[in-house]
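This report refers to the structure that appears directly beneath it.
The values are calculated or read from the model by the stated rules, or taken from the named source; none is laboratory data. The structure presented is a predicted model; accordingly, all values stated were derived computationally and were not measured. Here the Cβ positions follow ideal geometry from the backbone for every residue, glycine too, while neighbour counts run over all protein chains shown.
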Amino acid sequence: MKKVYLDYAATAPTDPEVIKAMEPYFFEKFGNPSSIHSFGQEAKKAVEESRQALASSLGAKPEEIIFTSGGTEADNFAIFGVAAALEKKGNHIIASAIEHHAVGEPCKFLEKKGFKVTYVGVDKSGIVSPDDVKKAITDKTILISIMHANNEIGAIQPIAEFGKLAKAKGIYFHTDAVQTVGHIPVNVDELNVDLLALAGHKFYGPKGVGALYIRKGTRIERFLHGGDQERGLRASTHNTPGIVGLAKAAELCRQKMQEESEFQARLRDRLITEIPKKIPEVYLNGHPAKRLPNNVNFSIRYIEGESMLLNLDMLGIAASTGSACTSTSLEPSHVLLAIGLPADIAHGSLRLTLGRWTKEDDIDYLLERLPKIVEKLRAMSPLYEKK
Ligand SMILES: *Cc1c(COP(=O)(O)O)cnc(C)c1O
């Protein structure tokens, strides 16, 4: 059976070139980068070269990069770390209503500990207004956290503007850039960010490794306590193969980004124009233009998202409804609710995300199969018959 993977926003395969770069660091060059001997020094050299390469791809300095176990840890570190360092200064945080749970849950946790969090809403297309952020700022605000691009609907936020607002008030600004690094240009100075989270497996690197960019001079407490790795900011033995893979993946993306994003945007736009021609009553979620080159998200009325996914899966097509982290629960996505969809429509959403190995004929295959599935499911839906 043909297999079509259209769930790159959940995770991507590791590029074989990345695997090749990682390989020596499992057996041959396995040393602990904190060891004095030659085994350790050889591994340390690889970690530091990777730090330099990753930093330069973000327009950052090497000492501003802290390697983590992924996007979640980087986001948790940013939020808990700043909250702990500045709790005497203030107890107010601003976040958007459409953050990934890796940001949303730490915020909720801090609320239980006495912090106040303002969740700024979004417009119909999923964009946060700088004016709303400005209005939410109080003299107790210590941190603003707004994601660069949303993982469900692909909306790209005006990050540089939020950063400017934050800077003018002396407030730290964090962005979750897990969906953008490797896919669209990300430069920490152009975006005016103090903190930025990224994860390897979303841009063809390995899973279980990521990084937090921390602008020089930012006050932050360590998150993982233990050894004094990463200048005392993040304990635990370095994941040398993962770190090498992360940097290699970033380098490959830098070389391929222009071409890849143009190709994916063309396939994305085919889906965006052709799906509504083939299926009645479908609505695009997210912004038509301020959108990740690889993201398509439709609400398909009178359809249960889960049944659609199962039917697609039977034909070898991997897609998603909501995000991978929420799709096992029956709660409608907080992102779709935030853009104003009623719960019943939010349940019938389909996310298709493309990537490095997506081919034109994968799109043909989907466009041919999806309308039949929708037709079949609607024929069984009492809601559809009644109208
Ligand atoms: C995937 C993702 C994360 C979590 O990253 P992990 O590496 O899986 O921990 C955080 N934020 C966004 C926007 C994501 O898409």
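The table that follows gives values for the structure above.
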{"item": "Unmet criterion (only one of (1) farther than 30 Å from GLU48 by Cα; (2) in a strand (DSSP E or B)) for ALA211", "result": "(1)"}
{"item": "Sole residue being among the acidic types (Asp, Glu), more than 16 Å from the ligand (Cβ to nearest atom), surrounded by fewer than 22 Cβ atoms within 10 Å (Cβ to Cβ) and assigned to a helix (DSSP H, G or I), chosen from GLU221, GLU259", "result": "GLU259"}
{"item": "Test result for ILE339, touching a residue at least 24 places away in the same chain (Cβ under 8 Å) and farther than 16 Å from ASP7 by Cα", "result": "yes"}
{"item": "Some residue of the range 137-146 being within 28 Å of ARG268 (Cα to Cα), in contact (Cβ under 8 Å) with a residue 60 or more places away in the chain and surrounded by fewer than 24 Cβ atoms within 10 Å (Cβ to Cβ)", "result": "no"}
{"item": "Sole exception among (1) over 16 Å from GLY245 (Cα atoms); (2) part of a helix (DSSP H, G or I); (3) away from the ligand (no atom under 16 Å from the Cβ) for ALA60, by number", "result": "(2)"}
{"item": "Any helices (runs of 4 or more DSSP H) falling wholly within the range 265-374 and containing at least 2 residues that are away from the ligand (no atom under 16 Å from the Cβ)", "result": "305-314, 343-346"}
{"item": "Near pairs, Cβ below 6 angstrom, 6+ apart or cross-chain, from the range 1-29 (in contact (Cβ under 8 Å) with a residue 60 or more places away in the chain and part of a strand (DSSP E or B)) to any residue that is of a type in the set (A, V, I, L, M, F, W, C) and surrounded by fewer than 19 Cβ atoms within 10 Å (Cβ to Cβ)", "result": "TYR5/ALA318; ASP7/ALA318"}
{"item": "Selected residue (criterion: nearest to ASN297 (Cα to Cα)) from residues of the range 1-55 that are among the polar types (S, T, N, Q) and within 16 Å of the ligand (Cβ to nearest atom)", "result": "THR11"}
{"item": "Any hit, the range 231-253, residues being within 30 Å of THR138 (Cβ to Cβ), out of contact with any Leu (no Cβ under 7 Å at 6 or more places or on another chain) and either modelled with pLDDT of 95 or more or assigned to a helix (DSSP H, G or I) (or both)", "result": "yes"}
